[in-house]
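Here is the structure we will look at, set down as structure tokens.
The values are calculated or read from the model by the stated rules, or taken from the named source; none is laboratory data. Because the structure is a prediction, the values reported are computed rather than measured. Please note: Cβ atoms are built from the backbone with ideal geometry, for glycine as well, and neighbour counts cover all protein chains shown. Calculation scope for accessible area: heavy atoms of the full protein, side chains included, ligands and nucleic acids excluded. Shrake-Rupley method; radii C 1.70, N 1.55, O 1.52, S 1.80 Å.
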Amino acid sequence: MDYFLTDEQKMIVDLARKIAEEKVVPVRAELDEKEEFPRKIMEDLGKADLFGIYIPEKYGGFGGGCFENCLAVEQLGRACIGVATTFAASGLGAFPILFFGSEEQKQKYLPEIASGRKLAAFGLTEAGAGSDAGGIRTTATKDGDDYILNGTKQWITNGGEADIYTIIALTDRGKGARGASAFIVEKGETGFSFGKKEKKMGLRASSTRELIFHHCRIPKSRLIGREGMGFIVAMKILDLARPGIGALSVGLAQGALDAAVQYAKERVQFGHPIISFQAVQHMLADMATQTEAGRALVYAVARYIDSNPKDISKVSAMAKLFPSDVAMQVTTDAVQVFGGYGYMKDYPVEKMMRDAKILQIYEGTNQIQRSVIGQALNKEYNRAK
Ligand code: COS
């Protein structure tokens, strides 16, 4: 399909694809096996200026938007979503500063993130606050010109590896979600440490770790926006980031489809390549159709978001929900096309199927996405009455 990309957009695709094929594919199985953080690959992405895609030129970026970011993420996801998630999570960590930060905060942090010199991470989730993001308990107590943070964030992507953390904490416990505020915390700050590194089913190249705040004192200049805006900041940046998970999903599905088609052409049974059998062809046809439908949805939503519409929650949830369900189905079917070989670690589809599961869980489970879409429909139809 031709999505009528501009020359600059084609360049992003080619660049990300080259790095994915030359730097990621050869090491992805080893990174997965050793649960190793892809530091060298992040440096390569930094040198290629890919971390700056969505950051305005005045802060050292390329000045692109959600669509350009999705194009890069898709190509990385095609090779390994552990690597692609590491890249994308730095964007998620940067978004609160980019969209809600002061000029001073943008000037201080965005050039470092755009160059890839520093990775960012976003800290919202806690042990008791996953889907119920408003249930966080980490506090930020005002003390003179400072805030003092206490609490533990859980399952934070890029935890321990990132240098810049955007954290949602309660400045007014009595107000629940409306008492939440967003802050910037830097690695190495006194009272800020990292807990256990999680051992995961998939996405094993990506670091997932606890962030522990114990009387962590930060200056008040690190508050993003105003006190009480934290929950809205979190919801809005998740709206902006969810199509990126859709793009990761499309990339993964495409990677699994590519592997399955290639294998089906080579594998001979009953005297013929298995791609000549209708049962296999129909599976591949469904995989290809679903993947293309996911891509078309992600591209359309990302382009729509870049037109700065007022409310993107519903379409953003759709752009995460549909492609991630597709990625789970397509990777599962890819293993089926490979048969017994697909279940072995010798072929990439085994890892792809393990990796796919997280796409239906992180950045809001697919049940939460359906709730967001359902609630938006309810509102729209109330308005229409
Ligand atoms: N954009 C702007 N404002 C939003 C919003 C959005 N996308 N979603 C909610 N809000 C606002 C609401 O309008 C409401 O404002 P008021 O208090 O002024 O009325 C406020 O936020 C609370 O909204 P709501 O009552 O809908 O919040 P809930 O606690 O019911 O939670 C969900 C809403 C479930 C959508 C939210 O908790 C969520 O997204 N959970 C998943 C979290 C997640 O994705 N975690 C992944 C880890 S982070 S990588």
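Going by amide H atoms built from the backbone, whose H comes under 5 Å of the H on GLY123, apart from near neighbours?
Those lying under 5 Å, H to H, from GLY123 are THR166, ILE167, ILE168.
The range 13-54 to the range 263-325: how many Å between their Cα centroids?
Taking the Cα centre of each part, the range 13-54 and the range 263-325 sit 23 Å apart.
Regarding the range 121-230, what is the average projected area of its C-alpha convex hull, in nm²?
Averaged projected hull area, Cα only: 6.6 nm².
Answer with one residue from VAL25, MET11, LEU45: the one whose Cα lies farthest towards the positive end of the charge dipole of the range 7-119, charges on Cβ with Lys, Arg +1 and Asp, Glu -1.
LEU45
Residues of the range 331-372: accessible area per residue at 1.4 Å, in Å²?
Each residue of the range 331-372 exposes 48 Å² on average to a 1.4 Å probe.
For LYS10, list the aspartates and glutamates whose Cα falls under 14 Å from its own Cα; do not include residues on the same chain fewer than 8 positions away.
ASP2, GLU68, GLU74
Greater than 18 Å separation of Cα atoms is the criterion. Which listed pairs, LYS236/LYS385; LYS108/LYS187; LYS320/LYS351, meet it?
Listed pairs above 18 Å: LYS236/LYS385; LYS320/LYS351.
Rounded to the nearest 10 Å², what accessible area does THR331 have for a 1.4 Å probe in the complete protein model?
Surface accessible to solvent at THR331 totals approximately 0 Å².
What part of the accessible area of the chain, given as a whole %, is carbon or sulfur when the probe is 1.4 angstrom?
53 percent
Express the accessible area of the range 215-322 per residue in Å², computed with a 1.4 Å probe while the remaining protein chains stay in the model.
Heavy-atom SASA per residue in the range 215-322 reads 46 Å².
Compute a Gaussian network model of the chain, connecting alpha carbons closer than 10 Å, and tell me which residue from ARG222, ARG78, ARG267 fluctuates the most.
Ranking ARG222, ARG78, ARG267 by mean-square fluctuation puts ARG267 first.
Out of every Cα-Cα pair in the range 142-293, what percent are more than 17 Å apart?
72 percent
Return the calculated 222 nm mean residue ellipticity for the chain, to the nearest 500 deg cm²/dmol, obtained by summing -39500 (n - 2.57) across DSSP H runs with n ≥ 4 and dividing by the residue count.
Calculated from helices alone, the mean residue ellipticity at 222 nm is -17000 deg cm²/dmol.
Among the aspartates and glutamates, which fall within straight-line cross-link reach of LYS175, defined as a Cα-Cα distance under 20 Å, with same-chain neighbours fewer than 8 residues apart omitted?
Of all the aspartates and glutamates, those that pass the test against LYS175 - Cα under 20 Å, at least 8 places apart if same chain - are GLU126, ASP132, ASP143, GLU227.
State which entries of LYS23/LYS310; LYS18/LYS357; LYS34/LYS142; LYS40/LYS345 exceed 31 angstrom in Cα-Cα distance in the structure shown.
Cα-Cα > 31 Å for LYS23/LYS310; LYS34/LYS142; rest within.
Which lysines, on any chain, are close to LYS106 with Cα under 17 Å apart, when same-chain ones fewer than 8 places away are left out?
Excluding near neighbours in sequence, the set is LYS58, LYS118, LYS220.
Considering the options GLY64, ILE156, VAL330, tell which one lies farthest towards the positive end of the dipole of the chain, charges being +1 on Lys and Arg and -1 on Asp and Glu at the Cβ, about the Cα centre.
Final value for the positive-end residue is ILE156.
Report, in debye and to the nearest 20, how large the dipole of the range 7-119 comes out about its Cα centre when Lys and Arg carry +1 and Asp and Glu carry -1 on their Cβ.
My answer is approximately 180 debye.
In Å and from the alpha-carbon atoms only, list the Rg and Dmax of the chain.
21.0, 79
Please report, in debye to the nearest 20, how large the charge dipole of the chain is about its Cα centre when each Lys and Arg carries +1 at its beta carbon and each Asp and Glu carries -1 there.
960 debye
Show me the helices of the chain, taken as full DSSP H stretches, that run 15 Å or more along their long axis by Cα and average -0.5 or above in Kyte-Doolittle hydropathy.
Qualifying helices, which must be both long enough and hydrophobic enough, are 7-19, 66-79, 81-100, 230-266, 278-305, 313-338, 349-359.
Give me the dipole magnitude in Debye, nearest 20, for the range 257-378 about the Cα centre, with unit charges on the beta carbon: positive for Lys and Arg, negative for Asp and Glu.
For this selection, approximately 200 debye.
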